There are 2 protein chains.
Amino acid sequence: MTTSLSFQDKLDARIGVADSLLCVGLDPVTAKMPQGFAGSPEAVVSFCKEIVSATRDLAAAYKPNLAFFMALGTRGLEALHSVREAIPSDIPVILDGKLNDMGETAKAYSSAVFDTLGFDALTVAPYLGEDALAPYLEKRGRGVIVLCKTSNPGSGDLQDLELASGELLHLYVADCCREWDRRYPANVGMVVGATYPAQLAEIRRRCPDQVILLPGLGAQGGDAASSVRAGISSSGGRLLCSASRSIMYAGDTADFAEAARAAAGRLRDEINAHRRARRSA
Amino acid sequence: MTTSLSFQDKLDARIGVADSLLCVGLDPVTAKMPQGFAGSPEAVVSFCKEIVSATRDLAAAYKPNLAFFMALGTRGLEALHSVREAIPSDIPVILDGKLNDMGETAKAYSSAVFDTLGFDALTVAPYLGEDALAPYLEKRGRGVIVLCKTSNPGSGDLQDLELASGELLHLYVADCCREWDRRYPANVGMVVGATYPAQLAEIRRRCPDQVILLPGLGAQGGDAASSVRAGISSSGGRLLCSASRSIMYAGDTADFAEAARAAAGRLRDEINAHRRARRSA
């Protein structure tokens, strides 16, 4: 049992054991699954289990995305639960839900995600403010990873707005995350896109030890060298480099699991090379 | 079939037929359900169907909240679909998901919510920017209702931040919503809490004809008189006053459906009285 470990401790231990900062995103799109997998929820579960099985020694964490399981229809949450159960208990699992709601509703989400479905961490959005996030932040030792500077091209529409104080909105959010991490029992992290290395560096400067979840490598064009250099924590870890499609759909024939393993291994090694280069710099 | 009507047209027609601005929120909490309902997904569906049946002539719209169905566990989406199917087809149904994601993920959500589950409208959060909302905004005639100024006590943490331009963040979002409504095939509305009537009045001034979804009456303490006065559109409608707990849990014994009907009727009539007072003012 690892339930007494906090998310941060569990992640630190796992990063050490696997020698990896790679977070494998599980975004099952039925139309993209390899030959031989029909589009049923059972097929999605089988496919995800094969990806997990092929990459489990290479992954620091897994990150299923709620949307793709919802898109399976009425049995999507059952499939999500089956996939979560298939991941070894010493590997942290983050539900990418980007949730935001308040009061009783946030309590219901928190209960569903952490208690019913048993995830170690969850992504949430900050627009509703602190009281809306409290039901997640109050979960001792769970990870609450707040959208800060997202990887999409238009993330600046709101996130780069300059405030009257002279601060940019995403840096204001980063400062909130630092304060919440100090004040609440949960471990608070930030989502920062690999597509914005300069912003990543500034967020890391302000939040030296918090977990940063870094999407946007691979398919979205983020550069591993600059983002690992900018995003690594003061202790050399706590950066989770997330890749989904470039691993899950690396192959589309019978060798898809080997292709996924090879893609995951290459990315892990590339990330580690930049990590070591920075350490020795 | 009403699928050729836009969300806005369907809502206008329904507001006229039902003579109502009341949106009945469906937030099933198993612990609060009346005696005789066990906590199973089937019981939740039966309970929600009874609430719909008791209030259907009084409701301008229904609004199930995704969180409470997720909290049911692996069969939650099946229950959500059953509840959605039980609502007469001429009444608009809004999924309160407060979603925010991007790219392929947003496409998956959009497909799940509008195509698989068949909702008329969806609530979304703006923090990720326009390109992240495009998969919803591109759905012709569906409703995309953007969190603008939410009803919770801490909504100002981010939403009331003053920008360098002198604008407040939630008004910047309202201006985006007006522009998106003009540029995209979907009907774009805003969520504005009844707990903030002054902010509601300013948002309505900037967005005279768009749908405003108004939570926060009843349990959260919003005042019907000031918020109906401030929030009604130039044509006298397009304001959806949402109440959930005060209707669903109005009674907890065998008469719960009658109690829900009585509570819904009182609130509809109260809202209409303020609406008519404003019209004749």
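Assorted remarks:
- Comparison of A:G154, A:G216, A:G193, A:G221 shows that the only residue that is in contact with a Gly (Cβ under 7 Å, 6 or more places away or on another chain), more than 24 Å from A:D131 (Cα to Cα) and surrounded by fewer than 22 Cβ atoms within 10 Å (Cβ to Cβ) is A:G154.
- Candidate set: the range B:1-48, residues that are polar (S, T, N, Q) and assigned to a helix (DSSP H, G or I); chosen: the one surrounded by the fewest Cβ atoms within 10 Å (Cβ to Cβ): B:T30
- Candidates A:G156, A:G193, A:G166, filtered to the one that is more than 18 Å from A:K98 (Cα to Cα), out of contact with any helix residue (DSSP H, G or I) (no Cβ under 6 Å at 6 or more places or on another chain) and either modelled with pLDDT under 95 or within 12 Å of chain B (Cβ to nearest Cβ) (or both): A:G166
- Any hit, the range A:128-139, residues being surrounded by fewer than 17 Cβ atoms within 10 Å (Cβ to Cβ) and either touching a strand residue (DSSP E or B) at 6+ places or on another chain (Cβ under 7 Å) or within 7 Å of another protein chain (Cβ to nearest Cβ) (or both): yes
- Output for the range A:226-281, where each listed residue is modelled with pLDDT of 95 or more and of a type in the set (S, T, Y): A:S242
- Selection count, the range A:74-104, where residues are without any contact (Cβ under 8 Å) to a residue 40 or more places away in the chain, touching a Phe, Trp or Tyr at 6+ places or on another chain (Cβ under 7 Å) and within 7 Å of another protein chain (Cβ to nearest Cβ): 3
- Here the condition is being assigned to a strand (DSSP E or B), among the hydroxyl-bearing types (S, T, Y) and out of contact with any Pro (no Cβ under 7 Å at 6 or more places or on another chain); of A:T123, A:T74, A:T105, it holds for A:T123 alone.
- Within the range A:157-175, considering residues that are of a type outside the set (A, V, I, L, M) and buried (at least 17 other Cβ atoms within 10 Å of the Cβ), the one nearest to B:A132 (Cα to Cα): A:D157
- Contact annotation: residue pairs with Cβ atoms under 7 Å, 6 or more positions apart or on different chains, pairing a residue in the range A:219-234 that is hydroxyl-bearing (S, T, Y) with a partner that is surrounded by 18 or more Cβ atoms within 10 Å (Cβ to Cβ) and assigned to a loop (DSSP other than H, G, I, E, B), are A:S227/A:A194.
- Here the range B:47-66 is the region considered, the condition is being among the aliphatic types (A, V, I, L, M) and free of Cβ contacts under 8 Å to residues at least 40 places away in the same chain, and the residue that is nearest to A:K107 (Cα to Cα) is B:L66.
- Set B:A112, B:A134: member being modelled with pLDDT under 95, part of a helix (DSSP H, G or I), more than 16 Å from the chain's Cα centre (by Cα) and not polar (S, T, N, Q): B:A112
- Of all residues making up the range B:46-73, the number that are basic (K, R) and within 14 Å of chain A (Cβ to nearest Cβ): 1
The values are calculated or read from the model by the stated rules, or taken from the named source; none is laboratory data. As the structure is a computational prediction, the values presented were derived from the model and not from experiment. Heads up, the Cβs are rebuilt from the backbone with ideal geometry, glycines too, and the neighbour counts pull from every protein chain shown.
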